[in-house]
Structure formats: structure tokens, C-alpha cells
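Here's the structure, in C-alpha cells; my notes come after.
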Amino acid sequence: MDDPNKDTDTRDLDGDGKIDEKISHFLYYWDDRIKYLKGVIPTLKSITDNFVNGTLEDFKDYIQNEIEGTADESYDSEGMPTTSYTPGMLSKIGAGENITQNGSIAEVAEALDVEFWDSQSEASLDSIISGFNDFISEAEAIQALDLDRLTANWQTYIKNFYNEDAGTTTEDGATITDYYSTLGEVKGYLEDWQTEIVEGRNALPSCEMGSLFSEPESGGSSCEPCNSTYCANDCIVSSGQDKSPIPCKFNFTSKGGTLDYAVDDEITSALNDIDALISKISDFQDAIKQYAQDMENAYVAIESGYGGLNPATYSWTDSRGDHSIKAEVGNYQLASTITTESGSWLKKTICIHMVNYSDDGTNSWVQITRQDPKSKDVKSGKVSLGMWNPFFSGTITRKGKASYSYDNVGLTN
């Protein structure tokens, strides 16, 4: 670089052991740019760590617990070990070898015989659980990789989570998808579940409510049918002529109901659990998008202070006028994987494709453009020494291309 502007070489950038000589300002510019790029790496690593081992880990664990439930070990009064199982909201007997009890959603879905209880339906509980299990497997595979490798290659796997091309169609007719979009569809299915549950609840007979009275003689209590003057609505009549049908809906609330003779409102509980799941999914979607944006934004300072990312431009001025060097690269993209889906919900095919693994030089190229003054009158004092570049356009451009595929690499000028 023939920039005549000089700086004292206090960093010994030319490696000759001298720190009091003058060197081209470009060397300082380039050194600062490289230092910035190196300084970005810890930032990128921190952002990746927070996403992979924070946000992704938390959401994966949340979903896994809601599918598998939790088992707590304790000891009984005789000191013998015992295990108590608590199902998650998505737990379903048969969906896992350790699942011994249906969760809130499966319990209500089975009792009301709603459409999503049918494993053959498009948005069945079974299909949602299966999709979440696939997500858990992919999350665990990513977390098993070294953090430095994840940071360096984040663009190769983030497209499975967030792809700006999601919804577009590939040449073979498949639709590009990602977890951000898929989770949006899942939220729609969950809202449909809520609608089905409410409709199923509304079709139930009303509960025969009663008032709970204690029986001092037996030490127990009994549920007495409501009369015309008083009703506590704190029990369900479970015997006698006024025995309540089960399941049934509560008349004192717009959406509640029970599946047994306990006044514990399993229906409202299931609806609230679905609301909580939708909220968790929304938060994770936001985090996916934010991760991609944060990684891109880590380079924001180089865009404004170090000549830009692409193209990168360096400029200087001397006695001949203004000069610039512009380095520009093509739309090269790292080889990566994308997820596509095709077919109907009954026979949907989901594929993972390798993309950007070959190029004929259309995208993989480097171009250098130098711009110098032209037809510039060069003087010494008042004396004209002639015209600088009188027959020159002022621009020199050189371009190199790379063509590659899985079996060869070629370079051309």
C-alpha cells in the first residue's frame, strides 16, 4: 500500500525491531482491524454460550420434563426407598418407558375424547410429543459439540433454528422450514387444543353440586344435594338419587369442569397449562431470533470504523489527490444444512439437506478495485510538471474466482 501518510511504528508492525521509524498508516489501520476481529471472538463465544448452554438448555429441559415427568426418590417410615412420579403436562402413558401416569392435557383429552387425542389427527398429542422429542435430540447433539467449534460455525446450524428463507420453496418443491416457524405452527395447534377442550367441556352435563357437611358420629363428612335456599358448591354428589354424572361441567364458572367426584377442576388446569406452554414457546422463539441478530450485530463497529465488512474500503490523500482501495467478496456462504418438509400431514416427509457445498465462481470471488486521480495537473510551486494519468480511467480492477464442489477446487483470474 503506497499511502504516503506515516505513523511512528511503536508496535513494530513491520517486524524489524525498530519502534521509532515511520511506516504507512495503512499498517496501523489493518492492525487495528485485525485486533477488532480477534476481539469479537470472545463476544461471539459468550453469545453462543448463553444461547446453547442457557436458553436452549433451559427450553430443552422444560420440554423434556413436561413430556417425561419427574420421579422423586424418598424413604418411607421404615427406611425403605420409595419413588413418587409426577407427570408433566405433556406426559402420556405409552409415550415413554418411564411414564406411568397421564399428564393434565392427556387426562382431559382422553376423558373428553377430543380430536387431538386421536393419534391419527394432524395435530395429535402424539405428533406434538414426537416433534418435541426430535427437537430434544437435535439440541443435545449441538450441546455435545465444543463451544469454540459452535462459535466458529454458528451459521451452519442456526438455519435449522432460524432461517430467513423459511416458507420458501426449493427447486424440488419442498418447503424450507426451521424450528422458529415450526414452533409457530405448534402454538396454533395448541390453541386449537384449547378450543377443542372448551367445546368438549361445554357439551358435558352439568355437575350435581352440593354442600359438604361434617358427620360428628362417624368423624367423616357427606355431600348433601343443593336445595332451594342454600348451596356451598364445595362438593359433588356421588351417591343417591341426585348422583352427579362424571365427567361434568361446573355451572358456577364459564369453563371449569371435573373428571371425577373431587372438586379440583382438571379442565381449567389443562387450559392453563397449555397457556404456559404457548408462553414458553414464544419466549424461546424470541430468543432464537435474538441469538441470530446478536451474532450479526457483534460486527457493527467494523462496519462504521474499519472500512466495512463487505466491501472494505481504505482511502488516503496525497499531492495527486484522493485514492482508495476497495476489497469486495461475492455472496459466499458456508456449507450448511436446512430442513424442508413436503407432502400432506398424513405422509409428511421431513428432510435435512446440505446446501452451498458447490459453486461455479458465481458467488465465490474476490475483487480488488483501486481508484486513483486522473487528468490531474501536477505542479511544483506554480510550475506545471504535466498531467497525472491523462489517458487513464483512474480505475484498476482485478477479480479472482473459485469454483468448487465435493470433489475438486479450481481457481481462475
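Within the stretch 173-207, track down each residue that is surrounded by fewer than 19 Cβ atoms within 10 Å (Cβ to Cβ) and over 30 Å from residue 135 (Cβ atoms).
202, 203, 205, 206
Residue-wise test of (1) surrounded by 16 or more Cβ atoms within 10 Å (Cβ to Cβ); (2) at pLDDT below 80; (3) more than 30 Å from residue 371 (Cα to Cα).
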position	(1), (2), (3)
277	yes, no, yes
282	no, no, yes
286	no, no, yes
301	no, yes, no
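Could you go through the stretch 71-89 and let me know if any residue there is in a loop (DSSP other than H, G, I, E, B), touching a Lys or Arg at 6+ places or on another chain (Cβ under 8 Å), within 30 Å of residue 268 (Cβ to Cβ) and among the hydrophobic types (A, V, I, L, M, F, W, C). Step through it out loud before you land on a result.
Step one: of the stretch 71-89, the residues in a loop (DSSP other than H, G, I, E, B) are 76-80, 87-89.
Retained after the next criterion (residues that are touching a Lys or Arg at 6+ places or on another chain (Cβ under 8 Å)): none.
Looking through the stretch 71-89, none of the residues is in a loop (DSSP other than H, G, I, E, B), touching a Lys or Arg at 6+ places or on another chain (Cβ under 8 Å), within 30 Å of residue 268 (Cβ to Cβ) and among the hydrophobic types (A, V, I, L, M, F, W, C).
Taking residue 90, is it in the same structural domain as residue 277 (by TED's automatic domain parsing), aliphatic (A, V, I, L, M), under 29 Å from the mean Cα position of the chain (by Cα) and under 20 Å from residue 257 (Cβ atoms)? Break it down into steps so the answer makes sense when it comes.
Numbers: in the same structural domain as residue 277 (by TED's automatic domain parsing): yes; aliphatic (A, V, I, L, M): yes; under 29 Å from the mean Cα position of the chain (by Cα): yes; under 20 Å from residue 257 (Cβ atoms): no.
No.
What are the residues in the stretch 10-30 that are acidic (Asp, Glu) and either touching a Ser or Thr at 6+ places or on another chain (Cβ under 9 Å) or at pLDDT below 85 (or both), if any? Don't jump to the end; show me each part of the working.
The first filter runs over the stretch 10-30 and keeps only residues acidic (Asp, Glu), leaving 12, 14, 16, 20-21.
Correct list: 14, 20, 21.
So residue 138 ticks every box in (1) at pLDDT 95 or above; (2) among the acidic types (Asp, Glu); (3) within 21 Å of residue 292 (Cβ to Cβ) but one. Which box is left unticked?
Unmet condition: (1).
Return the only residue of 41, 99, 63, 67 being in a helix (DSSP H, G or I), among the β-branched types (Val, Ile, Thr), crowded, with 18+ Cβ neighbours inside 10 Å and out of contact with any Leu (no Cβ under 6 Å at 6 or more places or on another chain). Walk me through how you get there before you give the answer.
Details: 41 fails: crowded, with 18+ Cβ neighbours inside 10 Å; 99 fails: in a helix (DSSP H, G or I); 67 fails: out of contact with any Leu (no Cβ under 6 Å at 6 or more places or on another chain).
Unique residue meeting the criteria: 63.
What tally of residues in the stretch 4-32 results from selecting those that are in contact (Cβ under 8 Å) with a residue 24 or more places away in the chain and of a type in the set (Asp, Glu)?
1
What's the total number of residues in the stretch 1-17 that are exposed (fewer than 12 other Cβ atoms within 10 Å of the Cβ) and of a type outside the set (Val, Ile, Thr)?
Summing the residues that are exposed (fewer than 12 other Cβ atoms within 10 Å of the Cβ) and of a type outside the set (Val, Ile, Thr) in the stretch 1-17 gives 4.
Does residue 190 count as closer than 19 Å to residue 274 by Cβ and either in a helix (DSSP H, G or I) or outside the structural domain of residue 257 (by TED's automatic domain parsing) (or both)?
Values: closer than 19 Å to residue 274 by Cβ: yes; either in a helix (DSSP H, G or I) or outside the structural domain of residue 257 (by TED's automatic domain parsing) (or both): yes.
For residue 190, the condition - closer than 19 Å to residue 274 by Cβ and either in a helix (DSSP H, G or I) or outside the structural domain of residue 257 (by TED's automatic domain parsing) (or both) - is met.
I need a count of the residues in the stretch 4-37 that are part of a loop (DSSP other than H, G, I, E, B) and in contact with a Leu (Cβ under 9 Å, 6 or more places away or on another chain). Spell out the reasoning first.
Looking only at the stretch 4-37, we keep the residues that are part of a loop (DSSP other than H, G, I, E, B), and these are 4-5, 9-21.
From what is left, the residues that are in contact with a Leu (Cβ under 9 Å, 6 or more places away or on another chain) are 9, 11, 13-14.
Here the count works out to 4.
Which residue out of 143, 194 is in contact with a Leu (Cβ under 8 Å, 6 or more places away or on another chain), more than 25 Å from residue 340 (Cβ to Cβ) and modelled with pLDDT of 90 or more?
Values: 143 fails: more than 25 Å from residue 340 (Cβ to Cβ).
Within the list 143, 194, the selection yields 194.
With (1) modelled with pLDDT under 85; (2) assigned to a helix (DSSP H, G or I); (3) under 21 Å from residue 136 (Cα atoms) as the list, and residue 55 as the residue in question, which single condition is left unmet?
The number of the failed condition is (1).
Across the stretch 354-387, which residue is modelled with the lowest pLDDT among those that are farther than 30 Å from residue 331 by Cβ and assigned to a loop (DSSP other than H, G, I, E, B)?
So the residue we want is 381.
I'm trying to understand the selection: among the residues of the stretch 148-176, which are among the hydrophobic types (A, V, I, L, M, F, W, C) and either closer than 19 Å to residue 290 by Cβ or under 16 Å from the mean Cα position of the chain (by Cα) (or both)? If you could, list the steps in order and put the result at the bottom.
Step one: list which residues in the stretch 148-176 are among the hydrophobic types (A, V, I, L, M, F, W, C), which gives 150, 152, 154, 158, 161, 166, 174, 176.
Selection gives 150, 154, 158, 161, 166, 176.
Condition first: modelled with pLDDT of 80 or more and either part of a loop (DSSP other than H, G, I, E, B) or under 38 Å from the mean Cα position of the chain (by Cα) (or both). Now tell me which residues in the stretch 388-404 satisfy that.
First, pick out the residues of the stretch 388-404 that are modelled with pLDDT of 80 or more: 394-403.
Across the stretch 388-404, the qualifying residues are 394, 399, 400, 401, 402, 403.
The values are calculated or read from the model by the stated rules, or taken from the named source; none is laboratory data. If you're wondering where the values come from, they're calculated on a predicted model, not measured in any experiment. Here Cβ is always computed from backbone atoms with ideal geometry, including for glycine, and neighbour counts include all displayed protein chains.
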